[in-house]
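The values are calculated or read from the model by the stated rules, or taken from the named source; none is laboratory data. What you are looking at is a predicted structure, and each value in this text was computed from that prediction instead of being measured. All Cβ positions, even for glycine, are placed from backbone atoms using ideal geometry, and neighbour counts span all protein chains on display. Protein only, heavy atoms only, side chains kept; ligands, DNA and RNA dropped before computing areas. Shrake-Rupley method; radii C 1.70, N 1.55, O 1.52, S 1.80 Å.
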Amino acid sequence: MSVPLSQMWAVAAYVLRQRLRGRRRYPLVLMLEPLFRCNLACAGCGKIQYPPQILRKHLSVEQCLRAVEECGAPMVSIPGGEPLMYPEIGPLVRELVARKKYVYLCTNAILLGEKLAAGLFEPSKYLSFSVHMDGLRAEHDEAVCREGVFEEAVAGIREALARGFRVTTNTTLFEGTNPLRMREFFDAMMDLGVEGMMISPGYSYSKAPDQEHFLRRQRAHELFSRMLSHPKRRWKFNQSTLFLQFLMGKHDFECTPWGNPTYNMFGWQRPCYLLQEGYASSFAELMATTRWEQYGQRSGNDKCRDCMVHCGYEPTAVHHTFASWRGLRGTVVATLTGRL
Amino acid sequence: MPDETTLEGWTPEIGGGLTLEEVVERAFDYRGNVTVVRTDGAEVEGYLFNRCGDVAAPFVELFDGNGDGPLTIRYAEIRTIRFTGRDTAAGNSYAAWLRAREAAKKTSGAPPAAGA
Ligand code: SF4
Ligand code: SF4
């Protein structure tokens, strides 16, 4: 694992506080979407499919900060759209860092060099650029439907690292992924010098236009087992060991949809980052009125049947890590031995 | 959602087995602007992003064509909803992109623009 100790400690302390307070449901990462606009149009991405007046809109910094306060999660992930196209991204990140939130700015990195040169961000242990990388050059350019994006992203990563920023990668995997190529990809990212990698299977959510190339559960287990078996010690993953083991089929976790609540211009999204079943006007309303029992694999909900996505299952893994000695011991052993 | 399936251009008449609730649900799933026709004949076009059907006075919420809002309209005030805007999800699947890429390669050797 590559999550810095201070961050791990902050998250562990937060989880323990929630448990001491007897809170059954609590958020871990706020998914804050300030806009849906993007400078790419990847096939399979439902996030950008809105009419022009919606794509032109964005949240104000005040709206974002109110959501952060309401939610109270120790980590804030800023996906989108492309957050570097958000005109207030510099001030927003500054405010979040000042509040000691661990920020993951999820970007395709096309604009990263330009924004860094403009002095929009300062290196901080609280800020990490999480760069969208769906594989080596051929795979990534194909996934984002544009030639040359891989090289642009690599240039952005190099620039950020040279300036002392934390950089991680986030990778979504689909049907047809070649596990050997992915192992080469892990090597390549480590050679680049990123702090850690995040991987997750894609999800065939109902509004995503493309259903065929998303992974089904059994196939996903096979793929992740082949990809992650005998992991090289130099590979660092910026996510919990138990989640990686879950992807490999070693744990039977249930989804924690409230773990990564999503806020955007429509409000608080029910029930999770992937499904859009409606919106609540406040975080409290989201938590109190969402019918959580209707979601997750065991609910029998078709939409959840094959889902293994990080935003639903990483919070479960984190909860298990800190909720039992067994979970903690498993994580420590995997960290020390480098085995999954 | 298959590429070919789109509700773009649909102008449903409520009644004869089609309820307003069903049309609202389709409008909520639709990735384009719709036109809400009120019972008094007034119309408002915009993106319908939310609906709340299980409260005492069910309502929909939308941002209008300029992005202003949200506007709240109660079901009781709605005669019908027309699917007037372009369906931004239609034809944008990965499979469609692969097909377009193959076709482009055959003709010019150049890949298609993203989202084609
Ligand atoms: S970069 Fe991200 S938000 Fe933009 S189109 Fe691709 S997947 Fe969607
Ligand atoms: S399993 Fe959880 S994360 Fe996945 S779609 Fe269902 S509610 Fe969302």
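Using the Cα gyration tensor of region A:30-94, with a ≥ b ≥ c the square roots of its eigenvalues, what is the shape: rounded (a/c below 1.5), prolate (a/b larger than b/c) or oblate (neither)? Working shown, then result.
On the way: a/c = 2.02, a/b = 1.70, b/c = 1.19.
Prolate is the answer for region A:30-94, as a/c is 1.5 or above and a/b outweighs b/c.
What is the mean number of Cβ atoms from other protein chains located within 10 Å of the Cβ atom of each residue in peptide B:68-75, rounded to a whole number? Write out the running numbers ahead of the final one.
Details: counts 2, 3, 5, 0, 0, 0, 0, 0.
Partner-chain Cβ atoms within 10 Å, mean over residues of B:68-75: 1.
Any residues in region B:21-35 that have 40 Å² or more less accessible area with all protein chains than in their chain alone, probe 1.4 Å, and which are they?
B:PHE28, B:ARG31
Checking the a/c ratio against 1.5 first, then a/b against b/c, what shape does the Cα gyration tensor give for region B:1-82? Present the calculation step by step, with values, prior to reporting the outcome.
Working: a/c = 1.42, a/b = 1.12, b/c = 1.27.
It comes out rounded by the Cα gyration axes.
Ignoring ligands, DNA and RNA, what percent of the accessible area of region B:20-108 is carbon or sulfur (1.4 Å)?
Numbers: 1940 of 4070 Å².
Carbon and sulfur atoms account for 48 percent of the accessible area of region B:20-108.
Percent relative contact order of chain A, based on C-alpha pairs within less than 8 angstrom and at least six residues apart?
Details: 607 pairs, mean separation 61.2, N = 340.
Answer for chain A is 18 percent.
Among B:85-92, A:29-36, how do they line up from the highest to the lowest mean number of other beta-carbon atoms within 10 Å?
A:29-36, B:85-92
Under a 5 Å amide H to amide H cut-off, with H placed in plane at 1.01 Å, what residues pair with A:SER77 once short-range neighbours are removed?
Here the answer is A:LEU30, A:MET31, A:LEU32, A:TYR104, since their amide H atoms fall under 5 Å of that of A:SER77.
In deg cm²/dmol, rounded to 500, what helix-only [θ] at 222 nm does the protein assembly as shown give when every DSSP H run of at least 4 residues adds -39500 (n - 2.57) and the total is split over its residues? Could the numbers behind the result be given before it?
Working: 15 runs with 160 residues, N = 456.
-10500 deg cm²/dmol, from helical runs alone.
Using only the Cα atoms of region A:117-268, what do you get for the radius of gyration and for Dmax, in Å?
Looking at region A:117-268, its Cα Rg and Dmax stand at 16.4, 46 Å.
Please give the solvent-accessible surface of A:GLU95 in Å², to the nearest 10, using a probe radius of 1.4 Å with every protein chain present.
70 Å²
Through the Karplus equation 6.51 cos²θ - 1.76 cosθ + 1.60, θ set to phi - 60°, convert the phi angles of region A:156-168 into ³J(HN,Hα) values in whole Hz; use x for Gly and Pro.
Whole-Hz 3J(HN,Hα) from phi for region A:156-168: x, 4, 4, 5, 5, 5, 4, 8, x, 8, 6, 9, 10.
Could you tell me which residue out of A:GLN276, A:LEU40, A:ALA155 lies farthest along the dipole of region A:5-337 toward its positive end? Charges go on the beta carbon: Lys and Arg +1, Asp and Glu -1, centred on the Cα centre.
Farthest along the dipole direction, towards plus: A:GLN276.
Per residue, how many Å² of accessible area does the protein assembly as shown show with a 1.4 Å probe?
Each residue of the protein assembly as shown exposes 42 Å² on average to a 1.4 Å probe.
Could you compute how much accessible area chains B and A hide from each other, both sides summed, with a 1.4 Å probe? Nearest 100 Å² is fine.
Details: alone 7040 and 14800 Å², together 19360 Å².
Summed over both sides, the interface buries about 2500 Å².
May I ask you to list the trypsin sites (Lys or Arg not before Pro) in region A:229-275 that are in a DSSP loop and have at most 13 other Cβ atoms within 10 Å of their Cβ?
Numbers: sites: A:LYS232, A:ARG233, A:ARG234, A:LYS236, A:LYS250; in loops: A:LYS232, A:ARG233, A:ARG234, A:LYS236, A:LYS250.
Here the sparse-neighbourhood loop sites are A:LYS232, A:ARG233, A:ARG234.
Determine by what factor the alpha-carbon radius of gyration of region A:218-340 differs from 2.2 N^0.38 Å, reporting the quotient. Let's see the in-between values first.
On the way: Rg = 16.0 Å, N = 123, 2.2 N^0.38 = 13.7 Å.
With N residues counted in region A:218-340, Rg over 2.2 N^0.38 Å equals 1.17.
What are the residues whose amide H is under 5 Å from the amide H of A:GLY278, where those residues sit 5 or more places off or on another chain and H is modelled from the backbone?
For A:GLY278, the qualifying residues are A:ARG270.
Kindly work out what percent of the DSSP beta bridges joining two residues of the protein assembly as shown are antiparallel, to the nearest 5.
Details: 26 of 52 bridges.
The antiparallel proportion sits near 50 percent.
Provide the per-residue ³J(HN,Hα) series for region B:72-86, in order, calculated from phi with Karplus coefficients 6.51, -1.76, 1.60 and θ = phi - 60°, each as a whole number of Hz, with x at glycine and proline positions.
Once rounded to whole Hz, the list reads 10, 10, 6, 3, 4, 9, 9, 8, 7, 10, 9, 9, 8, x, 5.
Rg and Dmax in Å for chain A, alpha carbons only: what are they?
Looking at chain A, its Cα Rg and Dmax stand at 18.6, 52 Å.
Using the Cα centre of region A:5-337 as the reference point, and only Cβ charges (+1 on K/R, -1 on D/E), how large is the resulting charge dipole? Debye, rounded to the nearest 20. Walk me through the numbers before you get to the answer.
Details: 41 positive and 33 negative charges, 266 e Å.
So the dipole magnitude of region A:5-337 works out to roughly 1280 debye.
List for region A:275-320: residues with 50 Å² or greater reduction in accessible area, all protein chains versus chain alone, probe 1.4 Å?
Buried by the other chains: A:TYR279.
Tally Lys and Arg at +1 and Asp and Glu at -1 over the other residues with C-beta under 15 Å from the C-beta of A:LEU242: what net charge comes out?
Details: positive: A:LYS250, A:ARG326, A:ARG329, A:ARG339; negative: A:ASP252, A:GLU254, A:GLU314.
Taking every Cβ under 15 Å from that of A:LEU242, the sum is +1.
What ³J(HN,Hα) values, in whole Hz, does the Karplus curve 6.51 cos²θ - 1.76 cosθ + 1.60 give for region A:229-246 when θ = phi - 60°, with x put for Gly and Pro?
For region A:229-246, the Karplus-derived couplings read 5, 6, x, 6, 4, 6, 6, 10, 10, 8, 7, 6, 4, 5, 5, 4, 5, 4 Hz, x marking Gly and Pro.
Cα centroids of region A:129-201 and region A:285-316: how far apart, whole angstrom?
Going from one Cα centre to the other spans 28 Å.
Go through A:ASN238, B:ALA104, A:ALA288 and say which Cα lies farthest out towards the positive end of the charge dipole of the protein assembly as shown; charges sit on Cβ, +1 for Lys and Arg, -1 for Asp and Glu.
Looking along the dipole axis, the top candidate is A:ASN238.
Taking H as built 1.01 Å from N, whose amide H comes closer than 5 Å to the amide H of A:THR107, not counting residues under 5 places away?
Amide H neighbours of A:THR107: A:SER130, A:VAL131, A:HIS132.
Counting only other chains, and only Cβ atoms inside 10 Å, what mean value do you get across the residues of A:51-63? Intermediate results must be reported in sequence, preceding the final value.
Working: counts 14, 7, 11, 8, 2, 2, 6, 1, 0, 0, 0, 0, 0.
Going residue by residue through A:51-63 and averaging, the value is 4.
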